[in-house]
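We did not get these values from a lab; they are worked out from the coordinates using the rules stated. All figures in this text were calculated on a predicted structure; none of them were measured in a lab. Don't worry about glycine lacking a Cβ; one is built from the backbone with ideal geometry, like all the others, and counts go over all protein chains shown.
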Amino acid sequence: MKIFIVGINGKMGRAIASAAEAEGIEIAGGLDMTPGGQYPVFTKAEDVTLDYDCVIDFSRPATLDAVVSLAEKRGVPAVIATTGYSEEQLARIDALSKKVPVFRSANMSVGVNVVESVLPVLASALSGFDIEIIEAHHNQKVDAPSGTALQMLSAVKEGLDYEPDIVYGRQGESKRRKGDIGVHAVRGGTIVGEHTVLFAGDDEMIEIKHTALSRRIFANGSLRAAAFLIGKAPGMYDMSDYLASLKK
């Protein structure tokens, strides 16, 4: 498998390259506004002349046009782990999945996705408990709340028999109302990623928490996703599809 990394000279791009080297996966090159490095780097998708088997994107929403172009140009799968897309951009990703296999997840950690798989069960079983979601990331993260927090919120909602009101942070008079789910973002330092789902009942609390200690877990997850997509039919895939494939 030969991969092409969008944002190859960024923090996640470098982490993916390092993980690929450790796994013996070939790196064709990458796209980045900052040239340099040991692999061919292009600043424009239309200038890319390399062969590759999969595009991996951990950059930013503004590069989506380039990601789509790179996948369509070679007819290859795309692993998209960027967050903060607009509804219009999400529609573009959906349209791309009609042409090539697309693996999209806000979090490429296997651990996070296992946590998400149990949240609907907990939300259903803990009927009547108050629910809060708290996420923390480094001080350079642009979008808030994180895509992973929103994925966790969606998983929680699957287990509820009512439509919750979502409260993003609290200020002033903010007594909790029945049916609220609070979603809170913390930004500071070099926190890689921390997500907590709190179920608070009368006289007891349950916390489900995932802490990322390095970017390596996301890099390894993206490489597994890329390998999973090879040979797949066009369509939209996510970590639940990958986890299900492990049981076969």
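Spin-label pair M236-R176: with each label point 7 Å from Cα along the Cα-Cβ axis, the two points sit 3.2 nm from one another.
Checking the a/c ratio against 1.5 first, then a/b against b/c, what shape does the Cα gyration tensor give for the range 79-146? In terms of gyration-tensor shape, prolate. Here the range 110-212 is treated as a Stokes sphere of Kirkwood radius computed over C-alpha pairs; at 25 °C and 0.890 mPa s its diffusion coefficient rounds to 175 µm²/s. The dipole here belongs to the chain: it is taken about the Cα centre, uses +1 on the Cβ of Lys and Arg and -1 on the Cβ of Asp and Glu, and is about 560 debye. In terms of overall dimensions, the chain has a Cα radius of gyration and Dmax of 19.1, 62 angstrom.
Note the per residue figure in Å³ for the convex hull of the C-alpha positions in the range 8-76.
Numbers: hull volume 5.6 nm³, N = 69.
Dividing the Cα hull volume of the range 8-76 by its residue count gives 81 Å³.
About the Cα centre, and with charges only on the beta carbon of Lys, Arg (+1) and Asp, Glu (-1), how big is the dipole of the range 110-212? Nearest 20 debye, please. Don't skip to the answer; put the middle values down first.
On the way: 9 positive and 16 negative charges, 72 e Å.
So the magnitude is around 340 debye.
Counting lysine pairs in the chain that sit 8 or more residues apart in sequence, or on different chains, and whose Cα atoms lie under 19 Å apart gives 13. Dipole orientation for the range 110-212: of the candidates T211, G159, I191, I191 has the Cα lying most toward the positive pole (charges on Cβ; Lys, Arg +1; Asp, Glu -1). When DSSP beta bridges are restricted to pairs lying wholly in the range 1-88, around 0% turn out antiparallel. Between L90 and S127, the contour length at 0.36 nm per residue exceeds the Cα-Cα span by 10.1 nm. A straight line joining the Cα centroids of the range 160-236 and the range 119-150 runs 3 Å.
From most to least packed by mean Cβ count within 10 Å, the peptides 8-16, 208-216 give 8-16, 208-216.
Grab the beta carbon distance between S18 and L213, set R0 = 25 Å, and tell me the FRET efficiency rounded to 0.05. Mind dumping the intermediate values first?
Working: r = 15 Å, r/R0 = 0.62.
Rounded to the nearest 0.05, the efficiency is 0.95.
Using only Cα atoms, figure out Rg for the range 24-141 and give it as a multiple of 2.2 N^0.38 Å.
Details: Rg = 17.8 Å, N = 118, 2.2 N^0.38 = 13.5 Å.
Taking N as the residue count of the range 24-141, the ratio is 1.32.
Could you work out the helix-only [θ] at 222 nm for the chain, with each DSSP H run of four or more residues adding -39,500 (n - 2.57) and the total divided by the number of residues, to the nearest 500 deg cm²/dmol? Write out the running numbers ahead of the final one.
On the way: 7 runs with 85 residues, N = 248.
Mean residue ellipticity at 222 nm (helix-derived): -10500 deg cm²/dmol.
Ordering L50, A66, V110 by the projection of their Cα atoms onto the charge dipole of the chain, which places +1 on the Cβ of Lys and Arg and -1 on the Cβ of Asp and Glu, puts L50 at the extreme positive end.
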